[in-house]
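Heads up: the structure comes next, in structure tokens.
Nothing in this text is a laboratory measurement; each read-out follows from the coordinates by a stated rule. In this text, all values refer to a predicted model and were calculated from it rather than measured experimentally. Every residue, glycine as well, gets a Cβ built from its backbone with ideal geometry; the counts of neighbours run over all protein chains shown.
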Amino acid sequence: MKFIMVLTVLLSSLFFAQVSAAADQVNINSATVKELQAVKGIGEKTAEAIVQYRKKHGNFSNIAELIHVKGIGEKKLKKMKDSVKAGEGSSKSQGKVKSND
């Protein structure tokens, strides 16, 4: 009986931890360099590259687009995918910065 109670409590805590983790995702369309560094697998250079890419190309429509950012490959994207989100209402035209090239 004690085993069942302990197992129930353990499973419940795992469920709530998962829900909490989803709520703590970093929005790649609005996060600062410092906020992005809180994500496992994102250091200062990668965070800066994400912000620069976003400024140049506009918001990300999904997290898979991070693959286009210098320093992010398949492995790194896989590590961070559960910790980031593209945010609601994001579009490629939002936040677009014109270039004088």
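Annotation for the stretch 29-61: trypsin sites (Lys or Arg not before Pro) lying in DSSP loop with at most 15 further Cβ atoms inside 10 Å of their Cβ are LYS40.
A convex hull fitted around the alpha carbon atoms of the stretch 24-82 yields 73 Å³ per residue. By the count of neighbouring beta-carbon atoms within 10 Å, fewest first, GLU35, GLU74 end up ordered GLU74, GLU35.
The label-point distance for ILE67 and LYS55, in a model that sets each label 7 Å from Cα toward Cβ, rounds to 2.7 nm. Remark: for residue pairs LYS55/LYS75; LYS56/LYS79; LYS45/LYS70, the C-alpha separation exceeds 21 Å in LYS55/LYS75; LYS56/LYS79.
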